[in-house]
Every structure is written in C-alpha cells, then in structure tokens.
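The values are calculated or read from the model by the stated rules, or taken from the named source; none is laboratory data. Predicted model, so just to flag it, every value in this text is computed and none were measured. Here the Cβ is made from the backbone with ideal geometry for all residues, glycine too, and neighbour counts use every protein chain on show. For accessibility, only protein heavy atoms count, side chains too; no ligands or nucleic acids. Shrake-Rupley method; radii C 1.70, N 1.55, O 1.52, S 1.80 Å.
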Amino acid sequence: MREHDRLYIGGEWVAPAGTGTIDVVSPHTEEVIGRVPEATPEDMDRAVAAARDAFDHGPWPRMAPAERAAVVARLTELYAQRLGDLSELITAEMGCPISFSQLGQTGQAQAVYGYFAALGKEIAWEEERAGLMGPVTVRREPVGVVAAIVPWNVPQFIIALKLAPALIAGCTIVIKPAPETPLDGYVLAELLTEAGVPEGVVSIVAAGRETGEHLVRHPGVDKVAFTGSTAAGRKIGAICGEQLKRCTLELGGKSAAIILDDADLAATMGWLKMASLMNNGQACVAQTRILASRNRYDEVVDALAETVRGMKVGDPADPATEIGPLVAKRQQERVEGYIRIGQEEGAKVALGGSGRPYDRGWYVTPTVFAGVTNDMRVAREEIFGPVLSVIAYEDEADAVRVANDSDYGLAGTVWTADDDRGLEIARQVRTGTYGVNMYMIEASSPFGGYKGSGVGRELGPEGLAAYLEYKSIARMG
C-alpha cells in the first residue's frame, strides 16, 4: 500500500487544496494498493502559476541549451537506477505484464530521455540566412508553459514523450497523470528534484477529467500535449483552436497488419504477439486488424488462433505472463461488449468469445474473430483489449485499400519475404508509423498519426520542434 498526502507542484511537495483522494485499485486483485490526493482546479491554478513564473522570470528558459541537456542526461542516469521499482509499480497499477513494463513502459522512457539529452547538445538554436536586405537570424525559442495530459496505458513512456522535449526546449510543464496510474509519477517527481530541475519548472498533479479540462482552458498555458482517445482529442483540439493555443494530439488507432502470401507465418506470428497484443491489447498502435489473402486465409486464422491460445494469461507480476488484466472493470465490460457485438455482426469466433479466465481480476478471454468484413464495428472502432479480427483481401491493391479504409492512421505493418515489396506497400498506407516485418517506435523518428489518430508529431527532431517557436530577426546588410 502506497499512500501520499502531498502534491508535487513547482518542484515542492505541498498540501492539496481539497480533501478528495484517488484510490488506486489493482486490476489483478481488485484491492486498493495506493491512495493519493485528487487535485482540484485550485491546485492546477497553483501549478500553472508556478510554471508561468518559472518561465517568465526563472533561470530554466535562460540557461544554455547544453546546461538543460546536462540536467536531462542526469535524469536519464537516475531513471536507470529506478527502472525495477517503476516497472513493478506500473504493473501493479494498471496490470500490464512485467515483461512489457520493463521494456515498453520504463525502458523506452529511459531511451527517450537519453535521446533528447543528446539532441539538445547537437541542435543549432540559431542560424543565419541570407535575406534580400541583409542577414536574417532564425532563432528557436521555447513555446512557454505546457500542459501535458497523460493516459493510463503507458504512463511513464508517454510522460517522457512530452517532458523530455519540453525540458530541452526550455519550457515549463504541468503534467496531469490519469487517476488510474498516479503512483509512478511520485517516483518521477523525486528523480526530477534529484536531477536538479529548478523550482517551478515541473509539476505532476493527478486529477480527474474536469480538473484536466480546467488545465487545458487555463489562460496561463501556451501549449497542450495530449495523448488519449480521439473523442477527447477532438474536444481538446477545439478548445485550443478557440484560444489559438498550440497543441499536439496523439490519439487512437485501428491499425492493420498485412500478411502477404510469401510471408513466413511462424516468424510473423512471433512478432504479432507483441505488435497486436502488447500491453494486453491496450495500445493505440496495436495491429488489431489482421489482413490475409483469400489464398492463405484459413491458414492465417489457424496460426493466429494457435499463437494466441498459447499465450499465458494471468498474474501480471509473473515474468511468464503475456496477457494480464485490463485496467478497470469498465474496460473489461467495454471489451466484452465488443466481443458480443462482433458475434452479433456475424463474425466467427476462432478463439475465445465468451467466459472469463479468472473469477477475480478484470481479465478478458483473448479473442480472435474470423469472417470479419471491414465495415463491422469490431473492424472500425478501437476496442483497446485482446481482440483481433482477421479480414480477407483479394490482392495487394485490395489489401492497401482495406488498410486505408479506416478513420485512423497511426500505425501498421506488412509481412513479406521481399523487403522491397514491403517498403512499396508501406509507402501506400496512410499512417504515421509503419513496419516491414517488425514494428517499433524509434526515439529518433517522428511518432504520430494521420486522420483521426491525431495532430502533430512526438519523438525525433520533429518532437522537439513541437515545443519551439521560431523567430526571424532581419538586419540591414
């Protein structure tokens, strides 16, 4: 049981303005494992005021970029020392297998901090260009106070996507973790203080949706960085549009894995275990539409069902577990609802489809649907759980058409013995990230989506640019 009675505002531990608390419930045991204060709008006002003062008057935006990069490099070193604790904490909070916590939750977060620390030392913050009347100095300057709103599914990694570039740019930031996963943020707060981040620069304040909206609307915030559902992203984007406030929105996905006839099915299935079912299927990039040609359709369905059947479902703290519980009872009920919808729509259950693997915990039986057409709800809507749909295609052109026939465009893969052929297909699918015979989010490369999957990019130099304003200073030659 981890209990906290303070909020991390402006680098200090302060008493909350209200008396509300957030109970953290284990998805595996359904027991309370932690409790933290629930921030109020007044607490958010204090956090924004601290960030505003630190940006307008403090040392952080005025430090040399290399000095800021050195602080982030120190944070990276300290973070490495707490990987085990953070991994175990996230697994306890939201139920992802410990193997994924170590890789995709904390290991990836550490890599992001390290990447931006190095980038901050390399990038040119001013450059000279030739103008008609004389030289022009083009400056990169921090955008200002950032509001970062983070979901529960990959909390530390998604915080890093926003915090690392914001710090390197010279911004100050208020982070609102999801109420399901507030505990890991307290560990990060300790590391930020130890790394030497000045007072006022970072606040980490867990709260519910209404207080989060208060933060988004706050006049002291210059930019919003949000990861979450497309529905919530549309609302946040509308608020930012009204206020002419910068925003980055990384939203939902319904990604397609195209399996070509020449693919090695055994190797493909080995990769799809991660690409399709990482984090218990609670990943925006999950490849949940499996596209197979009519020539090999039955073979693909059988191989996929056999692969998923062989994955261990159970205690997420067990290193052998590959699929754990979903984050909350509401999520369990949502996913089970989609499984019923798929059957009502006429999809054939190749694996799973009903029942729960355990009486306790928010587990869902992993399900593979065959006979799915791309107009079914299970093929079009983001389910966010261990449910896969196998869709038939006629030829490669039809496979690309089906992959693109989606409101989303976040990720995707193609599986083939011919890398050049795979690359050609990758160029035709309208998604922000793609993989040929693998899938990986790379810290050095932009991450984000087309269409309903979002606005803007994170990671890579493009991710840093999202936290910068550009100023042109012209002079007479």
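Answer yes if at least one residue in region 229-237 is closer than 24 Å to Arg2 by Cα, among the hydroxyl-bearing types (Ser, Thr, Tyr) and either without any contact (Cβ under 8 Å) to a residue 40 or more places away in the chain or part of a helix (DSSP H, G or I) (or both), and no otherwise. Within region 229-237, none of the residues are closer than 24 Å to Arg2 by Cα, among the hydroxyl-bearing types (Ser, Thr, Tyr) and either without any contact (Cβ under 8 Å) to a residue 40 or more places away in the chain or part of a helix (DSSP H, G or I) (or both).
Do we find a residue being in contact with a helix residue (DSSP H, G or I) (Cβ under 9 Å, 6 or more places away or on another chain), over 30 Å from Tyr467 (Cα atoms), at pLDDT 95 or above and of a type in the set (A, V, I, L, M) anywhere in region 236-257? Looking through region 236-257, at least one residue is in contact with a helix residue (DSSP H, G or I) (Cβ under 9 Å, 6 or more places away or on another chain), over 30 Å from Tyr467 (Cα atoms), at pLDDT 95 or above and of a type in the set (A, V, I, L, M).
The single condition from (1) open to solvent by 50 Å² or more (accessible area, probe 1.4 Å); (2) farther than 23 Å from Lys223 by Cβ; (3) over 20 Å from the mean Cα position of the chain (by Cα) that Ala73 fails is (1). The number of residues in region 215-228 being open to solvent by less than 10 Å² (accessible area, probe 1.4 Å) and part of a helix (DSSP H, G or I) comes to 2. Can you say whether Met274 is under 26 Å from the mean Cα position of the chain (by Cα) and open to solvent by less than 60 Å² (accessible area, probe 1.4 Å), as far as the supplied structure shows? So Met274 fails the test.
Listed here are the helices (runs of 4 or more DSSP H) enclosed by region 377-469 that have at least 3 residues being open to solvent by 40 Å² or more (accessible area, probe 1.4 Å): 396-404, 419-428.
If I ask for residues that are more than 15 Å from Val216 (Cβ to Cβ) and either in a loop (DSSP other than H, G, I, E, B) or open to solvent by 10 Å² or more (accessible area, probe 1.4 Å) (or both), which ones from region 159-176 would you list? Matches in region 159-176: Gly170, Cys171.
The one condition from (1) within 26 Å of Ala206 (Cβ to Cβ); (2) open to solvent by 50 Å² or more (accessible area, probe 1.4 Å) that Ala124 does not meet is (1). A single entry from Ala347, Ala370, Ala320 fulfils the requirement of being more than 27 Å from the chain's Cα centre (by Cα) and more than 19 Å from Ala286 (Cα to Cα): Ala347.
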